[in-house]
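Remarks on the structure that follows.
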Amino acid sequence: MGGSTPESEKILKSLDQRQREAVQTVAGPLLILAGPGSGKTRVLTSRIAYLIAVAAAHPSQILALTFTNKAAREMQSRINALLPSGGTRGITMGTFHSVMARLLRMELRDGWLPGYTAKFSIYDTGDSERMIRQIIKDLHIDKKRVEPRRIRAVISRQKNMMISPAAFEQHARTPDNKLIAQVYHVYEKALHGANALDFDDLLLKPLELFRRHPKILDKYRRRWRHVHIDEYQDTNLVQFRLSHLIAQEHRNICVVGDDAQSIYAFRGADLRNILNFKDSYPEAKVVMLEQNYRSTATIVRLADRVIKHNVQQVKKTLHTDNDEGAPVELIELETGQEEAEAAAKKILGHCSRVGAAFRSLPQYDYRDCAILYRTNAQSRNFEECLRAEGIPYRVVGGVSFYQRKEVKDALAYLRLLVNPDDRSSTLRVINYPRRCIGLRTQEKLADYARLHELSLWEALNRIPKLPVGAREKRVLGDFHSLIAQHQARLTSEPPHEVAKDLLKMSGLLAEIAKTGTDLARKKVDNVQEVISAIAQYTQDMQTGTLDAYLQSVALLTDADEGKDTANKVTLMTLHASKGLEFKVVFIGGLEDELFPSSHALRDADPKKLEEERRLFYVGITRAERHLYLGRAKSRLMFGSTRRFQLSTFVRELDDDLIRESSSANPTSTLRGQHLGGGLARSFSSPKRRQAFGMPAKAPRLPAPVGSGRRYTAEIRPGVRVRHPTFGDGRVVSIKGLRGDPREATVLFDNRGHKNLVLAYARLRVLG
DNA sequence: GTCTGGGGAGTTTTT
DNA sequence: CTCCCCAGAC
């Protein structure tokens with residue numbers, strides 16, 4: 001193994017001693033405990049390349065599980081770069097969920113799991129919730145008592161812990177849990193009846209498959225001789241069992257993770273996987289990677305101090321040889337808008353030629369900057385400010401392409417083609433667009449189906465027998481033949497052609513286009529894009545089937561879409577930032593109840609608080625050179641302005657770690673730079689503001705509305721405004737503070753009076 | 001039975 | 001703004 005070849009030289013060249021040790025351990029269990037910025041992705045990719053180049057493993061023997069699809073793609077291309085001869089094709093790489101979905105698609109063809117076919121639908125959280133809502137209705141449960149959202153979460157948690165409906169029912173003590181157990185039962189049956197798998201099933205079903213059919217397990221044990229799992233701290237019990245089943249015989253399993261970066265406990269991630277790795281693999285070699293190559297010493301020190309406040313953790317000492325770098329700045333301002341402006345100014349300071357030159361710092365690209373926040377809702381302020389400043393940006397998450405309503409509707413039609421038993425999709429489109437199949441008729445259909453243990457589609461196959469009137473039979477028949485016809489065509493014609501026709505014939509495209517607005521056109525374009533995506537995906541007819549497309553699309557996440565090639569500032573949640581790095585990072589909303597979230601504070605559960613602190617740690621360690629922490633003293637939340645205290649996470653830190661600063665005016669940052677180590681005071685108090693030549697009162701909410709610099713403050717009675725769908729009109733009255741109106745009554749020239757919530761309606765002031 | 005429109009509520013994080 | 005619910009019109 002020690003033999004040195006040109007390829008192994010190349011692979012090992014860029015690594016330090018510890019990293020090399022990890023890479024060269026090619027057999028047996030290996031646990032790599034890697035701090036942030038320690039080059040763990042590099043180690044993982046080098047190790048895989050090394051296995052292929054030096055240890056002569058065949059690529060197809062390698063299984064590499066990543067946290068996101070994007071990480072898998074990146075890893076693939078990095079490995080290819082290390083192995084100029086190529087030959088990496090055949091590596092099984094992807095997220096746990098996507099790899100298992102592919103496996104199921106292969107194996108379910110032969111009916112290994114009764115009732116499921118290879119054309120199963122994948123239900124996302126929304127679909128699951130929809131099902132649960134339906135079940136609650138059927139069971140006549142009062143929705144006020146246990147809301148569907150919570151039920152879904154509880155059920156998911158049980159599935160993550162491999163607790164069956166029966167087992168959950170046995171241990172259910174509270175009336176709520178007894179109710180949920182009941183729903184859980186029906187939910188599982190409904191999924192099965194719909195030939196559908198939720199996210200948890202994508203992992204549970206392979207487990208079941210392996211248990212029931214040792215032959216299949218054996219096949220994969222022999223196939224995947226080298227198992228790699230990245231972000232191991234965020235795996236759950238099912239994932240542990242799965243990987244253990246595959247690896248326990250050959251024991252070539254390499255896991256990489258950092259307990260301090262575990263931020264997905266709410267989703268079932270179980271730290272015991274990484275903490276107790278040695279229990280399952282006592283002979284495991286452990287390599288600690290503690291040197292940080294990413295961030296300045298200042299940032300590393302801050303991260304280290306933050307995480308020291310957690311009791312629950314493996315002792316690790318982060319260190320770095322990097323330079324001190326700039327101080328971390330805490331920016332305290334009055335409102336969320338000002339905070340967003342400060343972020344924009346800071347970014348301009350780094351990315352504009354003037355700003356960078358003034359500070360005699362290297363000029364960065366927009367793509368080197370990121371704004372991170374706790375909740376998706378916080379992106380709005382930042383977006384508006386960046387737009388007003390003309391700074392290009394992209395928002396990761398939020399409403400991503402595949403989450404838009406029109407896209408989901410289109411996908412529901414297509415899912416129905418592939419898997420007609422798909423109940424959630426049926427209910428979604430059976431009366432959309434309107435075809436006179438009302439709730440009563442749907443109920444009767446569902447009742448009939450339940451009585452005879454049929455799926456909705458199977459019930460539709462027996463329309464003459466349904467207990468509905470003649471008119472209803474006709475409309476149901478029309479719907480049935482619409483789907484059936486296109487389904488038949490799918491066997492002989494290209495999928496995108498069939499999809500195009502179905503979306504047209506169903507009336508969906510016309511329904512979306514109906515209003516004729518710009519927004520409508522955009523929605524139509526989105527649906528067209530789905531059709532072209534299918535065309536592209538199914539070009540390779542070997543693997544590119546419509547069902548494969550639909551299944552892969554269900555597993556796409558916001559973090560996967562990013563085209564990093566575009567020179568734009570990245571906006572995303574702290575969760576989505578995991579694994580990424582940026583030269584300049586701005587973390588916004590460092591206030592109690594926002595970050596840490598109210599949930600973590602309210603429950604006074606140290607575990608939850610510690611997870612939030614780890615999230616802060618993750619955010620801090622994304623920064624390579626410059627880190628800014630933003631905080632607003634009051635913030636608009638749920639429609640009213642509330643005061644917030646500085647985040648516990650900042651208060652608990654020693655003062656010398658962070659420098660206070662303010663960028664309420666553009667030069668203050670620049671000035672602050674020349675103060676050296678000294679403390680630039682916060683500009684938030686009137687006295688201080690005046691001392692720095694600023695108006696004593698903080699300017700009132702300059703909230704830009706829509707594109708351009710239109711502020712809600714300008715909206716007052718008598719003003720002419722334009723609405724994207726209602727056209728022009730005149731403001732009659734406003735609700736809320738003067739200068740900070742919340743709602744406006746507008747008399748439109750063609751539409752009469754409308755009440756508009758300004759936070760949502762994209763009103764533009766005319767003139 | 002079905003459709004329309006007004007009213008009310010909704011925001012942690014996500015494979 | 002979007003989703004859901006409910007009353008009342010057709």
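Once you charge only the Cβ atoms, +1 for Lys and Arg and -1 for Asp and Glu, what is the size of the charge dipole of segment A:46-173 about its Cα centre, to the nearest 20 debye? Could the numbers behind the result be given before it?
Details: 21 positive and 10 negative charges, 80 e Å.
I would put it at about 380 debye.
Computed over the Cα atoms of segment A:26-95, what is the convex hull's projected area averaged over all directions, in nm²?
Working: hull surface 18.8 nm².
So the Cα hull casts an average projection of 4.7 nm².
Any chance you could tell me what percent of the C-alpha pair distances in segment A:184-224 go past 14 Å?
That tail contains 57 percent of the Cα-Cα pairs.
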query = Considering every Cα-Cα pair within segment A:571-615, what fraction, in whole percent, is farther apart than 13 Å?
reply = 59
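Could you tell me the ratio Rg/Rh of segment A:204-260? Both radii from Cα atoms, Rh via Kirkwood. Kindly include the intermediate steps, with their values, before the conclusion.
On the way: Rg = 11.8 Å, Rh = 11.8 Å.
My calculation puts Rg/Rh at 1.00.
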request  = For segment A:483-592, with all protein chains present and a 1.4 Å probe, just round the carbon and sulfur fraction of the accessible area to a whole percent.
outcome  = 52
request  = Jot down the radius of gyration and Dmax of segment A:473-544, Cα atoms only, both in angstrom.
outcome  = 14.1, 40
query = Which percent of Cα pairs goes in each bin when the distances of segment A:445-586 are cut into 5 angstrom slices starting at zero?
reply = 2, 7, 12, 12, 13, 14, 14, 10, 7, 4, 3, 2, 1, 0
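Expressed in nm², what is the orientationally averaged projection area of the convex hull enclosing the Cα positions of segment A:526-626?
Values: hull surface 38.7 nm².
Mean orientational projected area (segment A:526-626, Cα hull): 9.7 nm².
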query = By accessible area of protein heavy atoms, probe 1.4 Å, what ranking do A:Tyr432, A:Tyr293 get, highest first?
reply = A:Tyr293, A:Tyr432
ask   = Using a 1.4 Å probe, what is the accessible area per residue for segment A:230-328, in Å²?
value = 40
query = Which value, in debye to the nearest 20, gives the size of the charge dipole of segment A:31-95 about its Cα centre, when Lys and Arg are +1 and Asp and Glu are -1 at the Cβ?
reply = 100
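At 10 °C and a viscosity of 1.306 mPa s, what translational diffusion coefficient does Stokes-Einstein give for segment A:132-192, taking Rh as the Kirkwood radius over Cα pairs? Give it in µm²/s as a whole number. Don't skip to the answer; put the middle values down first.
On the way: Rh = 11.4 Å.
Using the Kirkwood radius from Cα pairs, D works out to 139 µm²/s.
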ask   = Percent of accessible area on segment A:175-323 owned by carbon and sulfur, 1.4 Å probe?
value = 51
ask   = In square nanometres, what is the average projected area of the Cα convex hull of chain A?
value = 36.2
ask   = Averaged per residue, what accessible surface does segment A:74-140 expose to a 1.4 Å probe, in Å²?
value = 45
ask   = For segment A:346-380 and segment A:601-616, what is the separation of their C-alpha centers, rounded to whole Å?
value = 29
request  = May I ask you to work out the translational diffusion coefficient for segment A:1-121 at 37 °C, viscosity 0.692 mPa s, via Stokes-Einstein with Rh from the Kirkwood sum over Cα pairs, reported in whole µm²/s?
outcome  = 207
Residue (of A:Val354, A:Val719, A:Gly544) at the positive-pole extreme of chain A, dipole from beta-carbon charges = A:Val719
key: Longest to shortest principal axis, alpha-carbon extents of segment A:256-337, angstrom   = 52, 34, 20
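Percentage of Cα-Cα pair distances in segment A:73-193 greater than 21 Å, rounded to whole percent?
Working: 3932 of 7260 pairs.
More than 21 Å apart: 54 percent of the Cα pairs in segment A:73-193.
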inquiry  = Suppose every Lys and Arg Cβ carries +1 and every Asp and Glu Cβ carries -1, with no other charges. What dipole size does chain A come out with about its Cα centre, to the nearest 20 debye?
reply    = 1720
query = With the dipole of chain A worked out from charges on the C-beta (+1 for Lys and Arg, -1 for Asp and Glu) around the Cα centre, which of A:Ile274, A:Thr745, A:Asn160 lies farthest toward the positive end?
reply = A:Thr745
ask   = In whole angstrom, how far apart do the alpha carbon centroids of segment A:150-169 and segment A:645-659 sit?
value = 39
query = Using the Kirkwood radius built from alpha carbon pairs, what does the Stokes-Einstein equation give as D for segment A:213-371 at 4 °C and 1.567 mPa s, in µm² per second?
reply = 66
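Suppose all protein chains stay in the model; what accessible area per residue would a 1.4 Å probe give for segment A:393-501, in Å²?
Details: 5020 Å² over 109 residues.
Accessible surface, normalised per residue, equals 46 Å².
For chain A, what is the calculated [θ] at 222 nm in deg cm²/dmol (nearest 500), taking -39500 (n - 2.57) for each run of four or more DSSP H residues and dividing by its residue count?
-13500 deg cm²/dmol
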Size-normalised alpha-carbon gyration radius of segment A:53-139, reference 2.2 N^0.38 Å = 1.53
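Considering only protein heavy atoms and a 1.4 Å probe, what is the carbon-and-sulfur percentage of the accessible area of segment A:42-129?
Carbon with sulfur: 52 percent of the solvent-accessible area.
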message = How many angstrom lie between the Cα centre of segment A:492-514 and the Cα centre of segment A:285-325?
response = 54
request  = For segment A:400-525, report the convex hull volume of the alpha-carbon atoms normalised per residue, in Å³, without decimals.
outcome  = 109
query = Ratio of segment A:592-648's C-alpha Rg to 2.2 N^0.38 Å, to two decimals?
reply = 1.26
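If you wrap a convex hull around the alpha carbons of segment A:160-239, what volume per residue comes out, as a whole number of Å³?
121
The values are calculated or read from the model by the stated rules, or taken from the named source; none is laboratory data. Note that the structure is a prediction, hence the values are computed from the model and not measured. Neighbour counts run over all protein chains shown; Cβ positions are idealised from the backbone, glycine included. Ligands, DNA and RNA are excluded from the accessible area calculation, which covers all protein heavy atoms including side chains. Shrake-Rupley method; radii C 1.70, N 1.55, O 1.52, S 1.80 Å.
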